[in-house]
1. Out of Arg190, Arg210, Arg294, Arg243, report the one residue that is farther than 29 Å from Arg31 by Cβ and in contact with an Asp or Glu (Cβ under 7 Å, 6 or more places away or on another chain).
2. Within the group Gly201, Gly169, Gly197, which residue is exposed (fewer than 15 other Cβ atoms within 10 Å of the Cβ) and either touching a Leu at 6+ places or on another chain (Cβ under 6 Å) or in contact (Cβ under 8 Å) with a residue 40 or more places away in the chain (or both)?
3. For Ala118, are the conditions met, namely being hydrophobic (A, V, I, L, M, F, W, C) and surrounded by 22 or more Cβ atoms within 10 Å (Cβ to Cβ)?
4. Report every pair of residues separated by at least 6 positions or lying on different chains whose Cβ atoms are under 6 Å apart, first residue within segment 98-125 and among the β-branched types (Val, Ile, Thr), second surrounded by 22 or more Cβ atoms within 10 Å (Cβ to Cβ) and at pLDDT 90 or above.
5. Filtering segment 95-111 down to residues that are of a type outside the set (D, E, K, R) and surrounded by fewer than 20 Cβ atoms within 10 Å (Cβ to Cβ), which residue is farthest from Arg123 (Cα to Cα)?
6. Does any residue in segment 229-244 that is β-branched (Val, Ile, Thr) come within less than 6 Å, Cβ to Cβ, of a residue that is crowded, with 17+ Cβ neighbours inside 10 Å six or more places away or on a different chain, and which pairs are these?
7. If you scan segment 44-66, which residues turn out to be crowded, with 18+ Cβ neighbours inside 10 Å and either over 25 Å from Asn267 (Cα atoms) or without any contact (Cβ under 8 Å) to a residue 24 or more places away in the chain (or both)?
8. Is it the case that segment 172-193 has a residue that's under 20 Å from Met150 (Cα atoms), free of Cβ contacts under 8 Å to residues at least 60 places away in the same chain and crowded, with 19+ Cβ neighbours inside 10 Å?
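The values are calculated or read from the model by the stated rules, or taken from the named source; none is laboratory data. This one's a predicted model, so the numbers in the text were calculated from it and none came from an experiment. Cβ placement follows ideal geometry from the backbone for every residue including glycine, while neighbour counts extend to all protein chains displayed.
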Amino acid sequence: MEPDAVLLLSFGGPEGPEQVRPFLENVTRGRGVPAARLDAVAEHYRHFGGVSPINGINRALAEQLRAELPGLPVYFGNRNWEPYIEDVVAQLAADGIRRAAVLPTSAWGGYSGCEQYAEDIARARRAVGQRAPELVKLRHYFDHPLLVEMFAEAIADAAATLPAELRDGARLVFTAHSIPVAADERYGPRLYSRQVGYATGLVAAAAGYRDYDQVWQSRSGPPQLPWLEPDVEAHIAALADARVPAVIVCPIGFLSDNIEVLWDLDNEVRSAAQAAGIAYARASTPNADRRLARLARGLIEELRDGTAPARVGSAGLGCGFGVNGARCGASHCAGVVSPGG
């Protein structure tokens, strides 16, 4: 299956104060989120001048992809803000592209990490009509050697920022975006949380840690709806009660330092740790690391040449979505078992 272009597909974010509220309305449309909640989140963006870093990071990543894939056009589109995927797929068609490999900025399975991107693909193709190119979503890549390497290296860099006398006693804490428990069961037993758990085990081992914690962050649902727990702030409080001197937080669930990383972790969680007397270090996400572009090149080679998927360990397979948003075969999927399973 030979693609003649690459589409980097992401979430989107505002790039000015006047865009913040319309962007948030796009994200939450049809979900019944109260206006007060949107106002509160809008303040997080205004703290950064109303500009999310995610579009800039993705444009830089697109340049890395162009350098890694010479001769293959690279396009960039979003679900929730400009450049919208519908407009980008229309441009693909106008440029004569027949088949594009789609790299989502999510390594995971489940609804928001996988199927929703498949819905984006299908919606954009319907909008363009018969001229729409074939769009092939690349497989889950949470257990890819390069992703593991980037996060393990980031943990080491974060640890080095702690006072030397506190490093040996620092607790490694992995965090990923929480989702409703019911959503975690939608595609098989705990698909998303088991993938996250598998990846944390791989990264911890690569970084040289035998003991670590897995927590969750950024839940937004009503309090009566069960979401994945424990929450990262509650966990920091528990570590303070246990007199842990320092913590290294690795946002393994995120590919970029987006607002949920910069605000939730660098502001709220850091403040909670410092108030509790805990030294705090936060590992970076891959952002536009050239190795992420190399990872994408490898996924495309798997698709094109039928080479064996590059994975750390031997995980079982979970179902994902591949060609034109349709449920795919095993080649587009990745592991859903725990490291010891």
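1. On the way: Arg190 fails: farther than 29 Å from Arg31 by Cβ; Arg210 fails: in contact with an Asp or Glu (Cβ under 7 Å, 6 or more places away or on another chain); Arg243 fails: in contact with an Asp or Glu (Cβ under 7 Å, 6 or more places away or on another chain).
Checking each option against the conditions leaves just Arg294.
2. Only one candidate passes the filter, namely Gly169.
3. For Ala118, the condition - hydrophobic (A, V, I, L, M, F, W, C) and surrounded by 22 or more Cβ atoms within 10 Å (Cβ to Cβ) - is met.
4. Val102/Leu7; Val102/Leu9; Val102/Leu135; Val102/Lys137; Thr105/Ser10; Thr105/Leu255; Ile121/Leu135
5. Narrowing segment 95-111 to residues of a type outside the set (D, E, K, R): 96-97, 100-111.
Remaining after also requiring surrounded by fewer than 20 Cβ atoms within 10 Å (Cβ to Cβ): 96, 111.
Numbers: Gly96: 19, Tyr111: 16 Å.
Among residues in segment 95-111 that are of a type outside the set (D, E, K, R) and surrounded by fewer than 20 Cβ atoms within 10 Å (Cβ to Cβ), the one farthest from Arg123 (Cα to Cα) is Gly96.
6. Close Cβ pairs satisfying both conditions: Val232/Thr175; Val232/Val215; Val232/Gln217; Val232/Val269; Ile236/Ala272; Ile236/Ala273; Val244/Arg171.
7. Leu61, Ala62, Gln64, Leu65
8. No; the residues of segment 172-193 include none that is under 20 Å from Met150 (Cα atoms), free of Cβ contacts under 8 Å to residues at least 60 places away in the same chain and crowded, with 19+ Cβ neighbours inside 10 Å.
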